[in-house]
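Everything on this sheet refers to the single structure shown next.
What follows draws every value from the coordinates through simple rules; no lab data is involved. Just so you know, these numbers come straight off a predicted model, no measurement behind them. FYI the Cβ positions are ideal-geometry reconstructions off the backbone, even for glycines, and counts take in every protein chain you see.
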Amino acid sequence: MIRLFVILLSLLLVFVWGDFAIAQTQSSQVSQQQLQKWDKLARSAFAATSKGDFATAEQYWTEIIEQFPDNAAAWSNRGNSRVSQNKLQEALADFNKAVELAPDVTDPYLNRGTALEGLGRWEEAIADYDRILEFDPNDAMAYNNRGTAKAGLGEWQEAIADYKKSMALAPNLVIARGNYALVLYETGQIDQAIKEMKNIVRKYPNFADTRAALTAALWVNGQKGEAESNWVAASGLDRRYKDINWVKNIRRWPPSMVVALDRFLNLK
């Protein structure tokens, strides 16, 4: 399977401009001038994405789609920019089109699964991740994302199994490690969860998600000084963790973790 572009949950976006996307366009026998314009627009879209300006990135992808309507990469990347704006229905339509155009490419399925998760359509998301794993049983991201969908269904042990598989395949996939720690906390394995979180922030000190989770876990555990110290780093890295509704409904932490962070934010 070919990987074009990847989306990690609603938390972390990674857009990769692969050779396949260019090759797909070249096969349409377009002119060199058109290819150069394509490249310029795509670079502009990625630049906007890197600045967090997803609305502008969406506009650039729309321009590309208008000129190259048969390019799956453009549709899926526009879907990514729409997910980043929580425009989930519009994103889902883009991912459906990408899957239609490139049914043997993994990333449209991965991205569509993320949009389906955001809509609470957990079983459909799992079906997309299962589809990826049929093609590539060693796809670490598919296991991670399937774990989040299982967690959405409250199937915590199944989620843990998927996160473990993801970590075994890709030990440096920090989002899988962070998700694993969150679900350990949800299942009452508090000490182990805190240990995992501390290991993550030691190796990845700029990973705000686990910094914020560690803040909440330590606060509830009575380690208030250490909690405050981690919060300074977490809130400086990503201010969204100050918004409990975002954490609950967009990031979608497990319930116990949301309660813990709410207690910290309200100094309970």
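Below is a table of values for the structure above.
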{"read-out": "Net charge over other residues, Cβ less than 11 angstrom from the Cβ of Ala260 (K, R count +1; D, E count -1)", "value": "0"}
{"read-out": "Mean Cα-pair separation over length for region 161-268, i.e. relative contact order, pairs under 8 Å, 6 or more apart, %", "value": "23 percent"}
{"read-out": "Ranking of Glu158, Glu66 by count of other Cβ atoms within 10 Å, fewest first", "value": "Glu66, Glu158"}
{"read-out": "Max mean-square fluctuation residue, GNM over the chain, Cα-Cα springs under 10 Å, options Val258, Val83, Val232", "value": "Val232"}
{"read-out": "Sequence-distant lysines (8 or more away, or on other chains) whose Cα lies within less than 24 Å of Lys37", "value": "Lys51, Lys97"}
{"read-out": "Extension reserve of the Arg239-Leu119 stretch, reckoned as 0.36 nm per residue once the Cα distance is removed", "value": "40.8 nm"}
{"read-out": "C-alpha long axis of helix 224-237 to longest principal axis of the chain, angle in °", "value": "10 degrees"}
{"read-out": "Region 73-159: C-alpha gyration tensor shape, a/c 1.5 cut-off, then a/b vs b/c", "value": "oblate"}
{"read-out": "Global form of region 172-268, assessed from the alpha-carbon gyration tensor, a/c cut-off 1.5", "value": "rounded"}
{"read-out": "Full-extension gain in nm, Ala93 to Asp262, via 0.36 nm per residue minus C-alpha separation", "value": "57.4 nm"}
{"read-out": "Footprinting exposure proxy for Glu90, Glu58 (fewest neighbouring C-beta atoms within 10 Å first)", "value": "Glu90, Glu58"}
{"read-out": "Sorted by Cβ neighbour density within 10 Å, fewest at the top, the residues Arg131, Arg43", "value": "Arg43, Arg131"}
{"read-out": "Whether region 144-207 is rounded, prolate or oblate, judged on the alpha carbon gyration tensor where a/c under 1.5 counts as rounded", "value": "oblate"}
{"read-out": "Percent RCO, i.e. relative contact order, over region 62-218, from Cα pairs under 8 Å lying at least 6 residues apart", "value": "12 percent"}
{"read-out": "Estimated 222 nm signal from helices in the chain, with DSSP H stretches of n ≥ 4 weighted -39500 (n - 2.57), rounded to 500", "value": "-22000 deg cm²/dmol"}
{"read-out": "Average Cα contact separation per residue, the chain, under 8 Å, 6 or more apart, as relative contact order %", "value": "12 percent"}
{"read-out": "Summed residue charge, Cβ within 9 Å of Gly178's Cβ, Lys/Arg positive, Asp/Glu negative", "value": "-1"}
